[in-house]
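Peer 1: My structure is below; once you've seen it, I'll send some questions.
All of the numbers you see were taken from the coordinates with simple rules; none came from a lab. Keep in mind that what you see is a predicted model, and the values were worked out from it rather than measured. Positions of Cβ are generated from backbone atoms using ideal geometry, with glycine treated the same way; all protein chains shown enter the neighbour counts.
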Amino acid sequence: MVIIDGEESDTCPRRPVLDNPAYFSEVIRLYRLYQKGILPEEGGYFNQSYKLMRLFDIIDVTLDQCDQDRKAKEHAKNNRGRVSKDGR
């Protein structure tokens, strides 16, 4: 079971992407523009689609988690076999 945006789901998290790749391709394209400060609609942040801004938030959180996991793995790999100064 997966909890996404507060809702429980038994489906594979990739299922929506696999079912509608064109939609998610467009979301990713818009996300890349968003990262550069270009919003999809005229106006400011609060003039944008709530659903799209929520998707961007989920992408941001997921990418941050992936970065943290990658850094932790690199740290563990770099420190494998090292003995600390106190002998542990």
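Peer 1: With label points built 7 Å along Cα→Cβ from the Cα atoms of residue 77 and residue 53, find their separation and express it in nm.
Peer 2: Those two pseudo-labels are separated by 3.8 nm.
Peer 1: Hey, another quick one. Could you tally the net charge around residue 23, taking each other residue with its Cβ under 15 Å from the Cβ of residue 23, Lys/Arg +1 and Asp/Glu -1?
Peer 2: Within the 15 Å Cβ shell, the charges total +3.
Peer 1: Enter the angle in degrees (range 0 to 90, nearest 10) between the Cα long axis of helix 21-35 and the first principal axis of the Cα atoms of the chain, meaning the one along which they spread out most.
Peer 2: 70 degrees
Peer 1: In addition: Ignoring GluC sites (Glu not before Pro) that are buried or in helix or strand per DSSP, and keeping those with at most 14 other beta carbon atoms within 10 Å, what is the longest stretch of the chain between them?
Peer 2: Counting at most 14 other Cβ atoms within 10 Å as exposed, the longest clean stretch of the chain is 43-88.
Peer 1: Going by C-beta contacts inside 10 Å, put 71, 36 in order with the fewest on the left.
Peer 2: Values: 71 10, 36 6.
Ascending number of Cβ neighbours within 10 Å: 36, 71.
Peer 1: State, as an integer percentage, the relative contact order of segment 2-78 based on alpha-carbon contacts under 8 Å between residues 6 or more apart.
Peer 2: Computed value for segment 2-78: 12 percent relative contact order.
Peer 1: Quick check: pseudo-label points 7 Å beyond the Cα along Cα→Cβ at residue 36 and residue 66, how many nm apart are they?
Peer 2: Output for this residue pair reads 1.9 nm.
Peer 1: Continuing with the same structure: Nearest 500 deg cm²/dmol is fine: what mean residue ellipticity at 222 nm does the chain get from its DSSP H runs of n ≥ 4 alone, each adding -39,500 (n - 2.57), divided by its residue count?
Peer 2: Rounded to the nearest 500, it is -18500 deg cm²/dmol.
Peer 1: Sticking with this structure for a sec: Which of the three applies to segment 2-78, rounded, prolate or oblate, going by the alpha-carbon gyration tensor with a ≥ b ≥ c and a/c under 1.5 meaning rounded?
Peer 2: oblate
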